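*Asks:* Okay, here's the structure, questions in a sec.
The values are calculated or read from the model by the stated rules, or taken from the named source; none is laboratory data. What you see is a predicted model, and the numbers here were worked out from it, not measured in a lab. Neighbour counts are summed over all protein chains in view; Cβ atoms, including those assigned to glycine, are modelled from backbone coordinates with ideal geometry.
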């Protein structure tokens, strides 16, 4: 899974990237200072995978990963606000979701000409993303107009249908309706899929709060911030999280307990990302390797098999599925089979969170 980290200047985006990637050097944590994107990879901790490792003692352990791309803050690219274009647009289009870091803290030592207004910054970022999509839509409509002039009569109907679709999407977007919320059929979404419009992507809004917002049970959210469809709101204190990197895991846990924080900012972002993308995790396990595989909720067994290798989907025969809890209790696949806990599932089986699966295929 790849996340694009975006935000306006002085939002604390760099501190969040530093905290999530556990980078101790702030200059190494972000390329924003130089107007370039910086990439970090985070391994997702999962106690269920740990349990499988304890059982099988594999030669190799592979947790799920989040790839985080930290983009330069708006207005900090070459000293001017260049909008979303070029290489930056291309990289953003490749992400699975966007993480918008919004300033929600007051700190005189970090002055901002913009002031602190989370609601405004969320709306302005939505407008930036929409403008990038509108630019692509306008170009596409113009190209279709040019193609229709030279097209054969037999081809014009299809070109007109595509033009009507893009003009309808453009009209809705101009009414501040992101493409992810527009009423489009599966066929229509398939037509626009390869354009990778930014407003089709789900958005995780991270409010960067001050330490005064931390209370028992976590960070207290501003009362006027509301969750929108395909958008999740999370609150963390990026400055505090970045400072905790220097501590040992035990010291961090003790400090968070004293502060009333049940989980760290890194865990908040990971959990929220899985919720945002509606992901579940299945596992493969054995003496050679134990591995976690995130897939979209509702994935069939062949689609899940494709995450391992495309041949697994093409030659799919069946899947041997064992619930993780049952496997742990049985302490081996052989015992789980004796207890009738291993099921044979076909192409229509919907993979469940925590399934341990062996795929049988033939190419």
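*Asks:* Return yes when residue 337 is assigned by TED's automatic domain parsing to the domain that holds residue 302 and more than 19 Å from residue 52 (Cα to Cα) and no when it is not.
*Replies:* Working: assigned by TED's automatic domain parsing to the domain that holds residue 302: yes; more than 19 Å from residue 52 (Cα to Cα): no.
It is false that residue 337 is assigned by TED's automatic domain parsing to the domain that holds residue 302 and more than 19 Å from residue 52 (Cα to Cα).
*Asks:* Within the group 254, 267, 263, 243, which residue is more than 30 Å from residue 333 (Cα to Cα) and assigned to a loop (DSSP other than H, G, I, E, B)? Step through it out loud before you land on a result.
*Replies:* Details: 254 fails: assigned to a loop (DSSP other than H, G, I, E, B); 267 fails: assigned to a loop (DSSP other than H, G, I, E, B); 243 fails: assigned to a loop (DSSP other than H, G, I, E, B).
When all the criteria are applied, what remains is 263.
*Asks:* Say whether the condition of being in contact (Cβ under 8 Å) with a residue 12 or more places away in the chain, more than 21 Å from residue 183 (Cα to Cα) and touching a helix residue (DSSP H, G or I) at 6+ places or on another chain (Cβ under 8 Å) is met by at least one residue in segment 111-125.
*Replies:* yes
*Asks:* A further question on this structure: Is segment 261-275 home to any residue that is at pLDDT below 90, surrounded by fewer than 15 Cβ atoms within 10 Å (Cβ to Cβ) and in contact with a strand residue (DSSP E or B) (Cβ under 9 Å, 6 or more places away or on another chain)?
*Replies:* yes
*Asks:* If I ask for residues that are more than 14 Å from residue 38 (Cα to Cα) and either part of a strand (DSSP E or B) or at pLDDT 90 or above (or both), which ones from segment 73-83 would you list?
*Replies:* Correct list: 80 only.
*Asks:* Can you spot a residue in segment 84-95 that is surrounded by 13 or more Cβ atoms within 10 Å (Cβ to Cβ), in contact with a helix residue (DSSP H, G or I) (Cβ under 6 Å, 6 or more places away or on another chain) and in a loop (DSSP other than H, G, I, E, B)?
*Replies:* Among the residues of segment 84-95, at least one is surrounded by 13 or more Cβ atoms within 10 Å (Cβ to Cβ), in contact with a helix residue (DSSP H, G or I) (Cβ under 6 Å, 6 or more places away or on another chain) and in a loop (DSSP other than H, G, I, E, B), which makes the answer yes.
*Asks:* Taking the options 289, 251, name whichever one is closer than 30 Å to residue 206 by Cα and at pLDDT 85 or above.
*Replies:* Numbers: 289 fails: closer than 30 Å to residue 206 by Cα.
251 is the lone residue from the list that is closer than 30 Å to residue 206 by Cα and at pLDDT 85 or above.
*Asks:* Criterion first (at pLDDT 55 or above, within 22 Å of residue 274 (Cα to Cα) and in contact with a strand residue (DSSP E or B) (Cβ under 7 Å, 6 or more places away or on another chain)) does residue 45 satisfy it?
*Replies:* Here the answer is no, as residue 45 does not meet what is asked.
*Asks:* Residue 295 passes all but one of (1) touching a helix residue (DSSP H, G or I) at 6+ places or on another chain (Cβ under 7 Å); (2) part of a loop (DSSP other than H, G, I, E, B); which number fails?
*Replies:* Of the numbered conditions (1) touching a helix residue (DSSP H, G or I) at 6+ places or on another chain (Cβ under 7 Å); (2) part of a loop (DSSP other than H, G, I, E, B), the odd one out for residue 295 is (2).
*Asks:* Looking only at segment 53-72, which residues are crowded, with 18+ Cβ neighbours inside 10 Å and either in a loop (DSSP other than H, G, I, E, B) or at pLDDT below 90 (or both)?
*Replies:* Listed by number, the residues that qualify are 64, 71, 72.
*Asks:* Restricted to segment 149-163, and to residues that are farther than 20 Å from residue 184 by Cβ and surrounded by 14 or more Cβ atoms within 10 Å (Cβ to Cβ), which residue is farthest from the chain's Cα centre (by Cα)?
*Replies:* 151
*Asks:* Of the numbered conditions (1) in a helix (DSSP H, G or I); (2) in contact with a helix residue (DSSP H, G or I) (Cβ under 8 Å, 6 or more places away or on another chain); (3) in contact (Cβ under 8 Å) with a residue 40 or more places away in the chain, residue 336 fails exactly one; give the number of that condition.
*Replies:* The one condition residue 336 does not meet is (3).
*Asks:* Tell me, which residue of segment 173-190 that is without any contact (Cβ under 8 Å) to a residue 12 or more places away in the chain and in a helix (DSSP H, G or I) is surrounded by the most Cβ atoms within 10 Å (Cβ to Cβ)?
*Replies:* Taking segment 173-190 as the starting set, the residues that turn out to be without any contact (Cβ under 8 Å) to a residue 12 or more places away in the chain are 175, 177, 183, 185-187, 189-190.
Restricting the remaining residues to those that are in a helix (DSSP H, G or I) gives 186-187, 189-190.
Numbers: 186: 6, 187: 8, 189: 13, 190: 10.
Filtering first and then ranking leaves 189.
*Asks:* Inspect all residues belonging to segment 321-329 and state whether any of them is in a loop (DSSP other than H, G, I, E, B) and surrounded by fewer than 19 Cβ atoms within 10 Å (Cβ to Cβ).
*Replies:* If we filter segment 321-329 for residues that are in a loop (DSSP other than H, G, I, E, B), which is where we start, we get none.
So far as segment 321-329 goes, no, none of its residues is in a loop (DSSP other than H, G, I, E, B) and surrounded by fewer than 19 Cβ atoms within 10 Å (Cβ to Cβ).
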